[in-house]
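*Asks:* Dumping the structure here so I can ask a few things about it.
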Amino acid sequence: MQFRAASASRLHGVALEFHMSVTQLRTSAASAPTGRITSDSFLQKKHARQPITALTAYDYPTARLVDEAGIDMVLVGDSLGMVVLGYENTLPVTMDEMLHHTRAVARAVRRAFLVADMPYGSYHASSRDAVRNAVRLIKEAGAQAVKIEGGSSRARLVQRLTDAEIPVVGHIGLTPQSVHSMGGYHVQGRSLEAFDRLLADARALEDAGAIAIVLEGIPRELAATITAQSGVPTIGIGAGPECDGQILVFHDLFNLTYSPTAKFSHQYADGAAFFAGALAQYRDDVATHRFPSDAESYHLPRRVMAELEAAQPRARKA
Ligand code: KIV
């Protein structure tokens, strides 16, 4: 990328990107990418002790709601396998499914930082595969970063992805893609050995270049220690209030998961009851001819009605 020949004085006080020889396609204030959250915004928030807000989204309308609510990070989590696609766990989620949903979310998000999960199997066989799949999420689907599960054992891969200009969010503690090796979904890091291991995992991810680390299902005390020692922001889910930010699954907030809520989750509204009430009303309105009404119907123009009546007087009277 080349800079336009500009004197230092002309550069002074003007955003650098306006001096780069890159065509600025978006000119209107509404669509300009100013004010978009970046990984630097997360660091600034960590240093200012301002909590980072994060939430999952999997489709256009909910992603718009989340983005327009001012949430900082939108994650297209592989939890979509469970809450949207009805799988038993996250393991069956494919790259094609992640690409499909990430594209829909990317079309909606204007301000938030968009992260896409790398699904199980997409980064396990080789780092070559991993880079190729991560590039697809960025290049074809519009994610700004990818998230992978695992600690020290993933450090080399995080480094490799980072070297390929792919920002990586780490994810340690209760990592749902390890459900079989963990023997279920259990809080992690409760023994001293596990505490030390997770601390080392966080350090390894930071050293490898991770831009943030999700801490899931670990004791509050451990999350607080990792957060205090880490140079990169921590985003907690079931990891207590001392994390630099918090993330939840969209469907948990709105009682849309058809399963009991985890202790760490918080239901902010009863979406299931809201939808069920409206659906029952729609069903009854149709069944009792209340919907659609005349006001909800289209009509022929008067002139055409008159022509129709003149042409078919008998048929219309019958
Ligand atoms: O897939 C997901 O939604 C996640 C969050 C729970 C962090 O990984």
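Just so you know, all these numbers are worked out from the coordinates, no wet-lab data involved. Everything quoted here is computed from the prediction, not taken from an experiment. Neighbour counts are summed over all protein chains in view; Cβ atoms, including those assigned to glycine, are modelled from backbone coordinates with ideal geometry.
*Asks:* Here are Val83, Val74: which of them is touching a strand residue (DSSP E or B) at 6+ places or on another chain (Cβ under 6 Å), touching a residue at least 40 places away in the same chain (Cβ under 8 Å) and within 13 Å of the ligand (Cβ to nearest atom)?
*Replies:* Criteria check complete, one pass: Val74.
*Asks:* While we're looking at this one, here's another question. Tell me yes or no: at least one residue of the stretch 82-104 is in contact with a His (Cβ under 7 Å, 6 or more places away or on another chain) and either within 24 Å of Thr175 (Cα to Cα) or of a type outside the set (Lys, Arg) (or both).
*Replies:* Yes, the conditions are met somewhere in the stretch 82-104.
*Asks:* Give Ser293, Ser265, Ser297 a once-over and let me know the one that is hydroxyl-bearing (Ser, Thr, Tyr) and surrounded by 10 or more Cβ atoms within 10 Å (Cβ to Cβ).
*Replies:* Answer to the check: Ser265.
*Asks:* Right, here's the next one. Going through the stretch 199-209 one residue at a time, which ones are within 10 Å of Ile172 (Cβ to Cβ) and within 24 Å of the chain's Cα centre (by Cα)?
*Replies:* Asp201, Ala202, Leu205
*Asks:* Select from the stretch 119-147 the residues that are under 12 Å from the mean Cα position of the chain (by Cα) and either within 16 Å of the ligand (Cβ to nearest atom) or on the phi < 0 side of the Ramachandran plot (or both) and list them in ascending order.
*Replies:* The answer is Ala143, Gln144, Ala145, Val146, Lys147.
*Asks:* Tell me, which helices (runs of 4 or more DSSP H) wholly within the stretch 168-229 include 1 or more residues that are more than 14 Å from the ligand (Cβ to nearest atom), among the small types (Gly, Ala, Ser) and under 21 Å from Val146 (Cβ atoms)?
*Replies:* The qualifying helices (runs of 4 or more DSSP H) are 192-208.
*Asks:* Residues being within 13 Å of the ligand (Cβ to nearest atom) and more than 26 Å from Gly231 (Cβ to Cβ): count how many of those fall in the stretch 41-61.
*Replies:* Residues meeting the conditions: 2.
*Asks:* So which of Gly245, Gly238 ends up being within 21 Å of Gly81 (Cα to Cα) and surrounded by 11 or more Cβ atoms within 10 Å (Cβ to Cβ)?
*Replies:* Exactly one residue qualifies, and that residue is Gly238.
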